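One structure is given below, encoded as structure tokens.
The values are calculated or read from the model by the stated rules, or taken from the named source; none is laboratory data. Treat the numbers as computed from the prediction; the structure is a model and nothing was measured. Using ideal geometry, Cβ is built from the backbone for each residue, glycine included, and neighbour counts are taken over all protein chains shown. Heads up: the accessible areas ignore ligands, DNA and RNA and are worked out on the full protein's heavy atoms, side chains in. Shrake-Rupley method; radii C 1.70, N 1.55, O 1.52, S 1.80 Å.
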Amino acid sequence: MKKIIRAFVLFTFCLGSVLQPVFAQDGFFQKNQDKEKSIETRFLESVDYDRFKVHLQELTKNPHIAGTPENELVQQYMKKIMEDAGMDVKLYPYDVYLPNDPGKSELEIVSPIQMKLSQQEKVLEEDPFSADDRLHLGFNAYSGSGDVTAEVVYANYGRREDFQKLEEMGIDLKGKVVIARYGGNFRGFKAKFAEQHGAIGLVVYTDPKDNGYTKGEVYPNGPYYNETTIQRGSMLTLDWTGDPLTPYEPALPLDGPTQVERLDPSDVAFHSIPVTPIGYGAAEEILSRMEGQPVPEEWQGGLPFDYKIEGGKDLKVRVMVDQPVNFIRANNVIGTFKGSKYPDEWIILGSHFDAWSFGATDPNSGTAMLLTLAEALGKLVKEGIQPERSILIGHWDAEEQGVIGSTEWVEHLRDELSAKAVAYMNFDGGVSGRNFGASAAPTLKKLIIDASQEVMYPDSAKTVFEVWAGNNEEPGIGNLGGGSDHIAFYMHVGVPSLSGGAGGTTAYHSNYDNFNYYSRFVDPSFKMGGAVAQLFGLVTLRMANAEIIPYDVPRYAQDLKGHFEQAVKNVQTISPDFKEFDQVNQALVKLEQSSTAYKESIDKALSSGNLSDDKIKIINQQLINLEKSWIDPKGMYYGDWYKSLYVCNDPFSGYASWILPGIQYEVAINRTEKLEEWDERYAEAILDLSSKIDEIQKMF
């Protein structure tokens, strides 16, 4: 009987071992899985959740717009923290052309009454930060300078389709001041479209229907915009990203040894009309006095009256902006943990650090998280656990005026990044709430999902994955659009990129985005910063330590199939008889075959662990080159700085993600004669990608 019991116990133990979840990470030899698991366990233990709050409080002590002494203090703090963590830290200075001060600005109703309108947030007793005398008026960088007085027209969100609607309604914008609400597109396009339609000034405000008392309690009693909250932001809408005077080239220091040819500002297509942002309290004074025809139902905002299209002849508004633009010194701060085995293969994480005011959510929640992550990785390095690939953490300057600092660095190191960068991970405002989310290139999506199953969601008994996915089998991961520091990496050079973290309601780009607001409404427990650091620390370590770079290569074919099905539907909206992209369809069949063969071969190779170091190095270099199949020297018709055929920010809205942007543009401008060209260009890129995958597969 004892023998039977002993055998049953042994069987149960063995069965239990089989049923236990096995740690298995993409890209690692099976024989090295336990080693990686122990490194990751040590890393998770090394993340000090309390340090996030310490860093955030220090980073946001002062308003710190680019080019100010206060922003330099932030730069020095980051440098010290990363050096103390054991990173090699280097500054990359650039002289960039931008406004970092509103200069003089006035907004007033001149008839039928005279009334100056507020252009700055009110000081709140409950928020001592709001009384800081260094805080600026609300302003939009790269507004035109001018002093105009005119009748008013309401243009809803100021989107392309909104201006088209006004045109259809017979509304003449020539010589008028446009008032438009924030939302729907990048604010710079509101100015661009207004100017194209003949307007001589623009006023932008946040409507309470979008963020204000219709949503819930307003600040300081709740998180939503109060009547004086103002969203600042850049108006720059050029055919390239980065410094407006040095497209394609880095804006190297004016006093440096290497001189870069700069454009004359008079030759750059800056907006010429004056633009100013206000809160909905000031906007109400204008909108409530308008007497024209009613707006379409969907244009009605949240203020307590019926919105009108035109203000009438009696209502006149004055907009005056005198905004200085000059060269300022921007400094990117780059820290590096050098790889022990593959130092020339780079995993890059980043966030900008300049802010419109204190920057508690945007951007410095991301900055504080990256410093927390750097310290945790530093503990491992000091214990002799060095990453096999180099890990770089970049803190970018001058993002708010036009994603400038990161773009200059990418243009500066373009060739090196093209050859060495495995991935770029962006964390602009990366801990701005408690709702986890991510957008990513196809090859990086699985890495995020896998890591989310290893990290506990703060103040719960669930993993981040469980909270993020909810009732779905798998959480949704979006596609990257515009608006932040991934643009040059992903869309200009072809480095697979992601943006991730936690979001929620914020005091976006206002003077209230401070530590007081954060501690009350964003994350009172200050635990999300540590959780985000843990999750993306795992993603970083897995990319840094895997024998084979753990890209999800088959995901290209999977995602592209859906994207081209959607592209056909989009084309059919302008050409109902359009059937399909024939050459692309044939190329996709080949890509799917290549991807399947790759997956089978890599699984066998990782299981056996028989690949030589020389082969591994060649395979990884070829993997880094995969995303470059999308980089087309000809670029996009709306701006050849944007090189990726796969993804781009929407050139008519700025923020939205355009997948297969070449085709999207043809649909947007209602042009069919170039569809065959795009069929050829996309098929060529897909076949190039497939060929590269075949070459890698042969190495296993």
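Observations on the structure shown:
- Out of Asp344, Asp322, Asp267, sole residue that is more than 28 Å from Ala141 (Cβ to Cβ) and acidic (Asp, Glu): Asp344
- Helices (runs of 4 or more DSSP H) (entirely within the range 21-85) containing at least 3 residues that are over 29 Å from Ser432 (Cβ atoms): 33-46
- Residue list for the range 198-218, restricted to those being open to solvent by 40 Å² or more (accessible area, probe 1.4 Å) and either modelled with pLDDT under 95 or closer than 11 Å to Val177 by Cα (or both): Ile200
- Only a single item in (1) buried (at least 19 other Cβ atoms within 10 Å of the Cβ); (2) in contact with an Asp or Glu (Cβ under 7 Å, 6 or more places away or on another chain) is not met by Asp582, and it is number (1).
- Of the residues Tyr637, Tyr655, the single one that is in contact (Cβ under 8 Å) with a residue 40 or more places away in the chain, open to solvent by 30 Å² or more (accessible area, probe 1.4 Å) and within 30 Å of Gly183 (Cβ to Cβ) is Tyr655.
- Residue check, Ile618 open to solvent by less than 40 Å² (accessible area, probe 1.4 Å) and either touching a helix residue (DSSP H, G or I) at 6+ places or on another chain (Cβ under 8 Å) or outside any helix (DSSP H, G or I) (or both): no
- Inclusion of Lys192 among residues that are open to solvent by 30 Å² or more (accessible area, probe 1.4 Å), touching a residue at least 12 places away in the same chain (Cβ under 8 Å) and more than 22 Å from Tyr655 (Cβ to Cβ) is not warranted.
- Positions within the range 673-690 being exposed (fewer than 14 other Cβ atoms within 10 Å of the Cβ) and among the hydroxyl-bearing types (Ser, Thr, Tyr), in sequence order: none
- Number of positions in the range 262-307 that are open to solvent by less than 30 Å² (accessible area, probe 1.4 Å), under 20 Å from Ser118 (Cα atoms) and not in a loop (DSSP other than H, G, I, E, B): 11
Rundown of residues vs (1) without any contact (Cβ under 8 Å) to a residue 40 or more places away in the chain; (2) surrounded by 19 or more Cβ atoms within 10 Å (Cβ to Cβ); (3) over 20 Å from Arg232 (Cβ atoms), yes/no style:
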{"position": "Gly146", "(1), (2), (3)": "no, no, no"}
{"position": "Phe163", "(1), (2), (3)": "yes, yes, yes"}
{"position": "Leu166", "(1), (2), (3)": "no, yes, yes"}
{"position": "Arg181", "(1), (2), (3)": "no, yes, no"}
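- Some residue of the range 108-131 being modelled with pLDDT of 95 or more, in a strand (DSSP E or B), among the acidic types (Asp, Glu) and touching a Leu at 6+ places or on another chain (Cβ under 8 Å): yes
- Among all residues of the range 469-476, there is at least one that is modelled with pLDDT of 95 or more, surrounded by fewer than 24 Cβ atoms within 10 Å (Cβ to Cβ), part of a loop (DSSP other than H, G, I, E, B) and touching a helix residue (DSSP H, G or I) at 6+ places or on another chain (Cβ under 7 Å).
- Hits in the range 518-529 (condition: in contact with an Asp or Glu (Cβ under 9 Å, 6 or more places away or on another chain) and either crowded, with 24+ Cβ neighbours inside 10 Å or at pLDDT below 95 (or both)): Gly529
- Long-range neighbours under 7 Å by Cβ, at least six apart or interchain, first residue closer than 17 Å to Tyr512 by Cβ and at pLDDT 95 or above within the range 57-68, second part of a loop (DSSP other than H, G, I, E, B) and acidic (Asp, Glu): Pro63/Asp132; His64/Asp354; Ile65/Asp354
- Scanning the range 219-261 for residues that are under 30 Å from Val153 (Cα atoms), open to solvent by less than 50 Å² (accessible area, probe 1.4 Å) and in contact with a Ser or Thr (Cβ under 8 Å, 6 or more places away or on another chain) yields a total of 8.
- Matching residues in the range 358-388 - criterion: being open to solvent by less than 40 Å² (accessible area, probe 1.4 Å), part of a loop (DSSP other than H, G, I, E, B) and on the phi < 0 side of the Ramachandran plot: Phe358, Ala360, Thr361, Asp362, Pro363, Pro387, Glu388
- Number of the exception - Gln33 against (1) within 30 Å of Ile548 (Cα to Cα); (2) open to solvent by 40 Å² or more (accessible area, probe 1.4 Å): (2)
- Conditions (1) under 30 Å from Lys308 (Cβ atoms); (2) surrounded by fewer than 21 Cβ atoms within 10 Å (Cβ to Cβ); (3) hydrophobic (A, V, I, L, M, F, W, C); number of the one not met by Phe139: (2)
- Residue in the range 496-516 that is open to solvent by 10 Å² or more (accessible area, probe 1.4 Å), aliphatic (A, V, I, L, M) and over 30 Å from Tyr205 (Cα atoms) present: no
- Residue that is more than 30 Å from Val317 (Cα to Cα) and in contact (Cβ under 8 Å) with a residue 40 or more places away in the chain, where the choices are Pro253, Pro265, Pro257, Pro274: Pro253
Residues checked against (1) outside any loop (DSSP other than H, G, I, E, B); (2) touching a strand residue (DSSP E or B) at 6+ places or on another chain (Cβ under 8 Å):
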{"residue": "Ser595", "(1), (2)": "yes, no"}
{"residue": "Tyr598", "(1), (2)": "yes, no"}
{"residue": "Asp603", "(1), (2)": "yes, no"}
{"residue": "Ser653", "(1), (2)": "no, no"}
{"residue": "Gly662", "(1), (2)": "yes, yes"}
{"residue": "Tyr665", "(1), (2)": "yes, yes"}
{"residue": "Arg681", "(1), (2)": "yes, no"}
{"residue": "Asp688", "(1), (2)": "yes, no"}
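- For Trp346, the criteria (1) without any contact (Cβ under 8 Å) to a residue 60 or more places away in the chain; (2) buried (at least 24 other Cβ atoms within 10 Å of the Cβ) hold in every case but one, which is (1).
- Close pairs from the range 279-290: first farther than 19 Å from Leu137 by Cα, partner at pLDDT 95 or above and surrounded by fewer than 20 Cβ atoms within 10 Å (Cβ to Cβ), Cβ under 6 Å, at least 6 apart: Ser288/Phe305
- Against the criterion of being modelled with pLDDT of 95 or more and not in a loop (DSSP other than H, G, I, E, B), Ala251 does not qualify.
- Among the criteria (1) open to solvent by 10 Å² or more (accessible area, probe 1.4 Å); (2) more than 30 Å from Tyr342 (Cβ to Cβ); (3) not in a helix (DSSP H, G or I), the one Leu611 does not fulfil is (2).
- Selection status of Val148, at negative phi, among the β-branched types (Val, Ile, Thr) and in contact with a Leu (Cβ under 7 Å, 6 or more places away or on another chain): no
- Any hit, the range 309-329, residues being touching a helix residue (DSSP H, G or I) at 6+ places or on another chain (Cβ under 9 Å), within 30 Å of Tyr424 (Cα to Cα), in contact (Cβ under 8 Å) with a residue 12 or more places away in the chain and not in a strand (DSSP E or B): no
- Those residues of the range 66-101 which are out of contact with any strand residue (DSSP E or B) (no Cβ under 8 Å at 6 or more places or on another chain) and closer than 30 Å to Thr149 by Cα, in sequence order: Asp101
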